[in-house]
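These notes concern the structure reproduced below.
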Ligand code: PCA
């Protein structure tokens, strides 16, 4: 059976909950659109996140990699269009802060997602879950993981599609922060499921 590696992240910065971790646990082990969903949760750590994710890619040998990240403040589910060769921003969970640091000194400037992001957005909207393509995955750990997976696929010429989806806060998380849009965990999970179903079309 075809395999789909679905990754999420642990809590980070001022987010005591990361709904991506819960979505991964909810969908792990399910068969969606003919894909056996293998779930893994990644640390928020510049030295570890990508290394661990690439190890999971090697171990699972999936046909598709979908990585999820929290973008607290966004109101829609947003498949990312591009990952850039840059690490910058807030400190990670180990307190490491990087500025203007390339992910790979010899790597290209960026990689486009190889997931069908327009179809993902349309499938989500059709089911009533607001979605839009995002043109920036930022420069923090999410971008780092997306770039690193696509770089590995390109370098090793792996027959694998990969990309990243940022999600809004869950209600549970929004209760602990103020003034951010939020969705129920059930709706967040259903929107991701709708996108995975689209892979079977
Ligand atoms: N979101 C962060 C890192 C972990 C996560 O869930 C990001 O957007 O980079």
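Readers should treat all values here as calculations from the given coordinates under stated rules, not as data from a laboratory. From a predicted model like this one, the values you see are computed outputs, not experimental measurements. Neighbour counts run over all protein chains shown; Cβ positions are idealised from the backbone, glycine included.
A few remarks follow.
- Sorting 173-183, 70-80, 116-126, 139-149 by average packing, meaning the other beta carbons within 10 Å per residue, from highest down gives 139-149, 70-80, 116-126, 173-183.
- Computed over segment 94-201, relative contact order equals 31 percent, with contacts defined as Cα pairs under 8 Å that lie 6+ residues apart.
- Rg and Dmax of the chain, both derived from C-alpha coordinates alone, stand at 15.5, 44 Å.
- When DSSP beta bridges are restricted to pairs lying wholly in the chain, around 25% turn out antiparallel.
- With N the number of residues in segment 110-178, Rg(Cα) / (2.2 N^0.38 Å) evaluates to 1.32.
- Alpha-carbon centroids, segment 153-201 and segment 57-119: separation in whole Å: 13 Å
- Over the chain: helical MRE at 222 nm, DSSP H runs n ≥ 4 each giving -39500 (n - 2.57), nearest 500: -9500 deg cm²/dmol
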